Amino acid sequence: MVRILDGKNTELFAHVVYGLFKIQEIFTRIIEVNNPRKKPCIYAMWHAHQFCIHGLPDRGNVNVLISRSRDGQVIADVVEKWGFKTIRGSKGKKGAVEASMQMLAALKNNENCAMMVDGPKGPPRIVKDGVIKLAKLSGAPIVPIYWHSKNFTWVKFPSWDEMRSPIFATNMVNLYGEPLYVAPDGDEEEARLKLQKSFEELEKQAPDAFDEVFKFGIWLRKK
């Protein structure tokens, strides 16, 4: 199998991807719903909804966790061009510890973090324990985000995570769940299941949240 990315063309590929997203940005409208505005916090999302970070406020103070793979390098380059900070993680124990320490430092510096809680390779839509451990160590709340649109231009890709992305004119909502705190002596599995349930509830609420925003004409851009 021939790889498109070979380490030499990664930067060029990132420029192309960023250019495409800049064009798409013109046609995309993202409205936040129920953002608790906690700072610092850990924004949590499904891997399929990773592009929802585009709707986050205060990008310069958000650190996005991204894998050290070649594909991850392209994503990191694009995310940094968007104005975010990035923290690179890996599957290895050493890489995971290093990334965790960087995120802890960012949170202690009153900056937010963002991470895909079922990554990097799934299984999809199952919360892993990394985000729970980070919340437990830092004392920062986890704020789940669910990305949703009813527009047919919100496309699902044939990837393991069924990644979603707007293509051309798309109205969307970033729906936020209640902040989840994990006490230093808290039960990690109990917290993980609570976060899992929060995502399931957001999935049920998202269509109505989308309709509510649309009903009041909030999609209309300010002149």
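The values are calculated or read from the model by the stated rules, or taken from the named source; none is laboratory data. Keep in mind it's a predicted model, so treat the numbers as computed, not measured. Ideal geometry is used to build each Cβ from the backbone, glycine not excepted, and the neighbour counts take in all protein chains shown. Heads up: the accessible areas ignore ligands, DNA and RNA and are worked out on the full protein's heavy atoms, side chains in. Shrake-Rupley method; radii C 1.70, N 1.55, O 1.52, S 1.80 Å.
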Within the range 112-127, of all residues that are part of a loop (DSSP other than H, G, I, E, B) and either open to solvent by less than 10 Å² (accessible area, probe 1.4 Å) or of a type in the set (Ser, Thr, Tyr) (or both), the one farthest from GLN50 (Cα to Cα) is VAL127
Check your understanding: Got at least one residue in the range 193-201 being closer than 17 Å to HIS148 by Cα, out of contact with any strand residue (DSSP E or B) (no Cβ under 6 Å at 6 or more places or on another chain) and surrounded by fewer than 19 Cβ atoms within 10 Å (Cβ to Cβ)?
Key -> yes
| Would the range 148-169 turn up any residue that is open to solvent by less than 10 Å² (accessible area, probe 1.4 Å) and within 16 Å of TYR43 (Cα to Cα)? | no
Of the residues in the range 6-18 that are over 20 Å from the mean Cα position of the chain (by Cα), surrounded by fewer than 17 Cβ atoms within 10 Å (Cβ to Cβ) and not polar (S, T, N, Q), the one that is farthest from PRO207 (Cα to Cα) is LYS8
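Table: residues versus (1) free of Cβ contacts under 8 Å to residues at least 60 places away in the same chain; (2) within 21 Å of ASN63 (Cα to Cα); (3) of a type outside the set (Asp, Glu); (4) open to solvent by less than 30 Å² (accessible area, probe 1.4 Å).
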{"site": "LEU20", "(1), (2), (3), (4)": "yes, no, yes, no"}
{"site": "ILE23", "(1), (2), (3), (4)": "yes, no, yes, no"}
{"site": "ILE26", "(1), (2), (3), (4)": "yes, no, yes, no"}
{"site": "PRO36", "(1), (2), (3), (4)": "no, yes, yes, no"}
{"site": "CYS41", "(1), (2), (3), (4)": "no, yes, yes, yes"}
{"site": "MET45", "(1), (2), (3), (4)": "no, yes, yes, yes"}
So GLU178, is it out of contact with any His (no Cβ under 8 Å at 6 or more places or on another chain), surrounded by 13 or more Cβ atoms within 10 Å (Cβ to Cβ) and not polar (S, T, N, Q): yes
The condition from (1) touching a Pro at 6+ places or on another chain (Cβ under 8 Å); (2) outside any helix (DSSP H, G or I); (3) among the basic types (Lys, Arg) that LYS136 misses is numbered (2)
Next item on the list: Assess whether ASP185 counts as being modelled with pLDDT of 95 or more, in a loop (DSSP other than H, G, I, E, B) and open to solvent by 20 Å² or more (accessible area, probe 1.4 Å).
Entry: yes
Considering the range 128-142, residues that are charged (D, E, K, R) and under 14 Å from CYS41 (Cα atoms), and then whichever is surrounded by the fewest Cβ atoms within 10 Å (Cβ to Cβ), we arrive at LYS133
Q. Can you find a residue in the range 65-73 that is closer than 15 Å to MET115 by Cα, assigned to a helix (DSSP H, G or I), open to solvent by less than 10 Å² (accessible area, probe 1.4 Å) and at pLDDT below 95?
A. yes
Sole miss for PRO57 among (1) crowded, with 18+ Cβ neighbours inside 10 Å; (2) outside any helix (DSSP H, G or I) is condition (1)
Take ILE145 and decide whether it is closer than 27 Å to VAL33 by Cα, modelled with pLDDT of 95 or more, open to solvent by less than 60 Å² (accessible area, probe 1.4 Å) and in a helix (DSSP H, G or I). no
In the range 79-97, anything part of a helix (DSSP H, G or I) and modelled with pLDDT of 90 or more is listed as VAL79, GLU80, LYS81
